[in-house]
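Where a number appears in this text, it was derived from the coordinates with a stated rule and is not lab data. Predicted model, so just to flag it, every value in this text is computed and none were measured. Positions of Cβ are generated from backbone atoms using ideal geometry, with glycine treated the same way; all protein chains shown enter the neighbour counts.
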Amino acid sequence: MSSMEIAKSAGSNDPAIGLRAVASLRRLTEQLESLQVDRARDLGWSWAQIAGELSVSKQAVHQKHGGGHVITARKG
Amino acid sequence: MFERFTQEAKAILVEAQDLAIELGVGYISPGHILYGCAAGRESTAGEPLRAAGITAESIRRLLPRAENQPVEDVDTEVLRAIGIDFEGVRAVVEETFGSGSLKSAPDRRAAATKTRRPPFTPEAKQALELSLRVALELHDRRIRPGHILLGLFRLDNDFISIVVRQNGATIAGLSAAVLESVDAVSHR
C-alpha cells in the first residue's frame with residue numbers, strides 16, 4: 001500500500017500519518033532553512049541578523065550553517 | 001598540557017580530532033590518535049607505521065562511524081494529508097532558488113549537534129600521559145610523534161593491538177623501530 005493510499009484511506013486522524021507528516025515537515029523545514037540561510041549570507045546578512053529572524057542564538061545558527069559541512073554545488 | 005608537544009605531535013592530535021568529527025563520533029579515542037600518527041609524514045611515527053604496512057586509510061576503515069540517522073525524503077502524500085501542498089512550496093522555492101534546489105538542499109540537523117571539539121576518552125588521555133612518561137624516560141623534553149605512538153602501545157588497547165597484528169606486525173617490533181627513529185631525531 002503506497003503512502004498515497006494510506007493517506008487516503010486513513011486520513012489525517014491516523015497517528016501514523018500525522019507522525020510521518022511531522023517528520024516530513026521537519027525535513028522540509030530544515031531544507032528551507034539551509035536555502036534561506038545560505039542565500040542571506042550570499043546577500044551579505046550577518047549571522048546575528050539571520051539568527052534574529054530565525055529566533056535562535058547566533059552561536060546556534062553559525063555552528064549549524066557556518067561551515068564544516070559539505071558545501072552543496074550551487075554556482076552562480 | 002600540550003606545551004611539550006612538538007608541532008608535529010600537535011598535528012597528530014588535530015588529525016585525530018578531525019577524523020573523530022568526520023566520523024561523527026563525539027570523542028577522540030586511541031584509534032583516532034593512531035590514525036593521526038599514521039597520517040603524519042614525519043619520521044618517528046608515520047614512517048615506522050607505514051613501513052609496517054599500517055596506513056591511515058586502513059585505520060580509518062576499522063574505526064566506527066556514527067550511525068547517521070537515515071534522512072528520508074519528504075513524503076509529499078502525508079504532507080497533503082495534513083493540508084500542506086508540497087508542490088506549491090516547491091514551486092515557490094524554485095522561483096527564487098532555481099529548479100531542483102529544494103530537492104538538493106541539505107538538511108543540517110547533524111551539523112547542529114556535532115561538537116566542534118570532541119573530548120579525549122579516558123584511555124586517549126591515558127595514552128597522552130604515557131607519551132609524556134616515555135619522553136621523560138628517553139630524556140627528551142619534547143613530546144614527539146614517536147612518543148605518542150609508544151604511549152599508545154603501552155596502553156594495552158584492543159583496537160591498537162588488532163590494527164598492528166592485522167598487518168602482520170608486532171607491538172614489540174614496531175616499538176623498537178620507533179625508538180630507533182625517535183633516538184635519531186632527539187639526539188640530532
Indicate the gyration tensor shape class of the protein assembly as shown (rounded, prolate or oblate), computed on the Cα atoms with a ≥ b ≥ c the square roots of the eigenvalues: a/c under 1.5 is rounded; otherwise a/b larger than b/c is prolate and the rest oblate. prolate
DSSP loop trypsin sites (Lys or Arg not before Pro) in the range B:1-42 with at most 13 other Cβ atoms within 10 Å of their Cβ, which ones? B:Arg41
Please list the non-local residues whose amide H lies under 5 Å from the amide H of B:Phe5, H modeled 1.01 Å from N, same-chain partners needing a gap of 5 or more. B:Ile143
Quick check on the protein assembly as shown: helices-only [θ] at 222 nm, where DSSP H runs of length 4 and up contribute -39,500 (n - 2.57) each and the sum goes over total residues. Nearest 500, please. -19500 deg cm²/dmol
Net dipole in debye of the protein assembly as shown [+1 Lys, Arg Cβ; -1 Asp, Glu Cβ; about Cα centre; nearest 20]: 560
Sequence order, the range B:133-144: Karplus ³J(HN,Hα) from phi using 6.51 cos²θ - 1.76 cosθ + 1.60, θ = phi - 60°, Hz rounded, Gly and Pro as x, gives 4, 4, 4, 5, 4, 8, 6, 10, 7, 9, 9, 9
For B:Thr44, which sequence-distant residues (separation of 5 or more, or a different chain) have an amide H within less than 5 Å of its own amide H, given hydrogens modelled in the peptide plane? B:Gly146
For the range B:76-85, what does the Karplus curve 6.51 cos²θ - 1.76 cosθ + 1.60, with θ = phi - 60°, yield as ³J(HN,Hα) per residue in whole Hz, taken in order and with x for Gly and Pro? 5, 6, 6, 5, 4, 4, 9, x, 9, 8
For the protein assembly as shown, whose charge dipole is built from +1 on Lys and Arg Cβ atoms and -1 on Asp and Glu Cβ atoms, the candidate among A:Gly66, B:Pro48, B:Val92 with its Cα farthest towards the positive end is B:Pro48
Please give the average number of partner chain Cβ atoms lying within 10 Å of the Cβ of each residue in B:81-87, rounded to a whole number. 5
Quick one: divide the alpha-carbon radius of gyration of chain B by 2.2 N^0.38 Å and tell me what you get. 1.41
